[in-house]
Each structure stands twice: as C-alpha cells, then as structure tokens.
Amino acid sequence: MELKLENLTKTFQDVEAVSGIDYTMKNGVYGLLGVNGAGKTTLMRMICTLAKPTKGRILCNGQEIWQLDWKYRKILGYLPQEFGFYPEFTAEDYLRYIASIKGIPAAAAKKRVDELLVQVGMEKYRKKKMKRFSGGMKRRIGIAQAMLNNPKILVLDEPTAGLDPNERIRFRNLISELSEDRLVLLSTHIVSDVEYIANEILLMKEGKLKQAGTAYELAVGIPEQVWVCRVPRERAAEYEKRYRVANLRTLPDGVELRLLAGHAPAPDARCVEATLEDVFLYYFGNRQEGEGEQHAVL
C-alpha cells in the first residue's frame, strides 16, 4: 500500500490550512505531530475524501483517490476527533449499524463486531447504552467502528483523547498489531502517543511539513543540544528567559533544569540525549523574546 501526497494544499478564503505538502507513506505507523491548529485535521480530511484540495493531489498505489471513488473508500477507515453516535444504541447495536452502512453482510458483521469489542476492551459493555459511556469508552468504540471493514488505510485523528493511561497503552499496543499489513496515520499533540510506535513521525506546523523521520533521526537533527544543570532557585527565572526550558524540578538545594542550548548554559551542565519531547519543544514552543537566546514555553 502506498499513499502519495503531491503539493497538497488547502486554502480557506485567504488562509492556507495545508501548504504544499509532498510526502509518500507505505505500510506502517505514521505519527502526525503538531499543536492544535497546525492543519492536521484538514490534512486528514483530504486523505479521507471529506475535503478536496485547493491544489495538488493524493495518489493511492499510483491512482488519484477521487478517481478511485468508492474503491478507495472501501479500503479506508477513519476516526475523526468527534464522531456521531446514537445515545440509545448499545455498543453492539451501534457497531452493527455502522457495519450495515459500510455494506458488510450481517453474518460477517456479527463476527467482526464480536472480535473488535474484545480487541478494544469493550466486550463486557456490549449491551450497555452509549449514553452511559465515559469519554474514553466512546473513543474505544470509535476506534472499533473505524476498523470494521478491516481497512488497508486507517486514519485516526486524536484517537487517544479522553483515554486514561492504561487505555493509552492498550491503544498503542493495538495500533502496533494492526500496522503489520496496513498503513496507519494518526494525528496527535501528545508526544508519547507516537514516540514508540510510529515508524516515522511528521512534524506539522502552520500548515507545513517541517520535518519527517524516525524519532531518533528527529532527535539528533535539532541544531541545539539538550542540557541538564542545577542552578540556585533565585536564578531559575533568568534561565527561563534565556533558554528553551523543557523541565524544571525544584530540589532542596536549588532547581534542576532540562533545557535546549547551543552551548553549556552553566559550569556543571551535562549534555544528555535528546528525546522527541525535546524536538517538540524546539519546533512548537511559543517563543518569547529574552536576553541572549530565545525561550519557549509549551
């Protein structure tokens, strides 16, 4: 499976929500990482044929997706940020209803719904009405409905919203299992959602694709180094003004800082390995003007 984006652009009035993206994806997990408003949802809606690009095109195995029409949608699964459901439906009824809309025969739908309810950890709630579900439970049913047709391309927009830590781990493991023979694209602004499961991570900012690569490639590619140092408590604010500070931990004898800088920020500073969170801070922090270097606060 190959999905190719060519000069993909979407303009709303005079604002380019997505701007000239060129990228090719194959089977595996791709994490689309960026702050809210970066253009992630608009990009995903175009991939899912819910919005037409202003310029450019999307090719699936060499064919334009709008020309493929239903043949493309048949291999597509999509979980939007907000999905509609019927409050009086049970989880099982809802999934069977969506299966019928997708044209899945009743016998096959029953088997598939049973499998998915177990897979997303909702089997014991199958007879419970969705109006009584927590946000995380609704999200798990949303993931299940996206997988009903066993899609070759699975698009998940902020799929872990509302999930507790245990549910997030279950979700990540599930996506890893699913990615063996399909293309999975998931968007998030939560670094841990993609750091360990994504084969490649796409950093999107202000509608543009800023960088792409593995978590390791992105971490070693930022032009600043990551430092850990301990400073007196009264000097912490000074360091926050001068540097991008990723972490600040108060200790009995001062403050320990994790920050980005082009040189050692203090005599005892030690250089440490960058993580994807450091990459996120470098590209997506809200910048303020300070003395010397710039500082970003997430």
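The values are calculated or read from the model by the stated rules, or taken from the named source; none is laboratory data. A quick note: this is a predicted structure, and the numbers were derived from the prediction, not measured. For neighbour counting, all protein chains shown are included, and Cβ atoms are generated from backbone atoms with ideal geometry for every residue, glycine included. Just the protein is used for accessible areas: all its heavy atoms, side chains included, with ligands, DNA and RNA removed. Shrake-Rupley method; radii C 1.70, N 1.55, O 1.52, S 1.80 Å.
Normalised by the residues of the chain, what does the relative contact order come to in percent, with Cα pairs under 8 Å and at least six apart?
Details: 582 pairs, mean separation 58.3, N = 298.
Result for the chain is 20 percent.
Can you give the helix-only mean residue ellipticity at 222 nm for the chain, where every DSSP H stretch with n ≥ 4 adds -39500 (n - 2.57) and the sum goes over all residues, rounded to the nearest 500 deg cm²/dmol?
Here the helix-only value at 222 nm equals -8500 deg cm²/dmol.
Got a number for the accessible area of ASP164? Probe 1.4 Å, square angstrom, nearest 10.
ASP164 exposes around 70 Å² with every protein chain in place.
If you scale each eigenvalue of the Cα gyration tensor by 5 and take the root, what three semi-axes come out for the range 90-239, rounded to whole angstrom and sorted largest first?
Numbers: eigenvalues 292, 74, 30 Å².
Semi-axis lengths for the range 90-239 are 38, 19, 12 Å.
Accessible area of LYS52, 1.4 Å probe, to the nearest 10 Å²?
Near enough 120 Å² of accessible area.
Can you sort GLU240, GLU64 by solvent-accessible area, 1.4 Å probe, largest first?
On the way: GLU240 70, GLU64 35 Å².
Sorted by accessible area, descending: GLU240, GLU64.
Sorting TYR86, TYR239 by accessible area (1.4 Å probe), largest first, what list results? List each step's numbers first, then the result.
On the way: TYR86 110, TYR239 15 Å².
The ordering from most to least exposed comes out as TYR86, TYR239.
Excluding residues on the same chain fewer than 8 positions from LYS152, give the aspartates and glutamates whose Cα lies under 17 Å from its Cα.
GLU2, GLU64, ASP69, GLU177, GLU180, ASP181
Based on DSSP, what percent of beta bridges with both residues in the chain are antiparallel, to the nearest 5? Could you put the intermediate results ahead of the total?
Numbers: 41 of 60 bridges.
Antiparallel bridges: around 70 percent, rounded to the nearest 5.
What relative contact order, as a whole-number percentage, does the range 9-50 give when Cα pairs under 8 Å and 6 or more residues apart are counted? List each step's numbers first, then the result.
Numbers: 22 pairs, mean separation 13.2, N = 42.
Relative contact order, the range 9-50: 31 percent.
Between the range 167-183 and the range 107-140, what is the C-alpha centre distance in whole Å?
If you average the Cα positions of each part, the centres end up 17 Å apart.
Shape call for the range 221-274 from the C-alpha gyration tensor, a ≥ b ≥ c root eigenvalues: rounded (a/c under 1.5), prolate (a/b greater than b/c) or oblate?
Details: a/c = 1.98, a/b = 1.70, b/c = 1.16.
It comes out prolate by the Cα gyration axes.
Ranked by accessible surface with a 1.4 Å probe, highest first, in what order do VAL272, VAL228 come?
Working: VAL272 40, VAL228 15 Å².
So, going from the largest accessible area down, we get VAL272, VAL228.
Enter the accessible area per residue of the chain (Å², integer; probe 1.4 Å; all protein chains in place).
On the way: 14740 Å² over 298 residues.
Accessible area per residue: 49 Å².
Report, to one decimal in Å, the Kirkwood hydrodynamic radius for the range 35-149 based on all distinct Cα pairs.
On the way: mean 1/r = 0.0643 Å⁻¹.
Computed over Cα pairs of the range 35-149, the Kirkwood hydrodynamic radius comes out at 15.5 Å.
Counting only Cα atoms, I'd like the Rg/Rh figure for the range 90-170, Kirkwood definition for Rh. Before the final figure, lay out each step's value.
Details: Rg = 12.1 Å, Rh = 12.8 Å.
On the Cα set of the range 90-170, Rg over Rh gives 0.95.
Per residue and in cubic angstrom, what volume does the convex hull of the Cα atoms of the range 163-211 have?
85
Do the alpha carbons of any pairs in LYS138/LYS210; LYS10/LYS210; LYS71/LYS205; LYS111/LYS138; LYS4/LYS74; LYS4/LYS111 sit beyond 23 Å of each other, and which pairs? Write down the numbers at each step before the final one.
On the way: LYS138/LYS210 33 Å; LYS10/LYS210 17 Å; LYS71/LYS205 32 Å; LYS111/LYS138 21 Å; LYS4/LYS74 18 Å; LYS4/LYS111 33 Å.
Check vs 23 Å cut-off fails for LYS138/LYS210; LYS71/LYS205; LYS4/LYS111.
Just to verify a number: what accessible area does MET1 come out at with the full protein assembly present, 1.4 Å probe, Å² rounded to tens?
Surface accessible to solvent at MET1 totals approximately 60 Å².
Give the Kirkwood hydrodynamic radius (Å, one decimal) of the chain, defined as one over the mean of 1/r across all pairs of different Cα atoms.
Values: mean 1/r = 0.0475 Å⁻¹.
Result for the chain stands at 21.1 Å.
What percent does the relative contact order of the range 200-292 come to when contacts are Cα pairs within less than 8 Å and at least six residues apart?
Numbers: 144 pairs, mean separation 29.2, N = 93.
Here the relative contact order equals 31 percent.
If you roll a 1.4 angstrom probe over the protein chains with everything in place, what fraction of the accessible area of the range 169-273 belongs to carbon and sulfur, to the nearest %? Spell out each step's value before the answer.
Details: 2490 of 5420 Å².
Carbon and sulfur together cover 46 percent of it.
If packing is taken as the average count of other Cβ atoms within 10 Å, what order do 67-75, 22-30 fall into, highest mean first? Don't skip to the answer; put the middle values down first.
Numbers: 67-75: 14.2, 22-30: 16.2.
Top of the packing list down: 22-30, 67-75.
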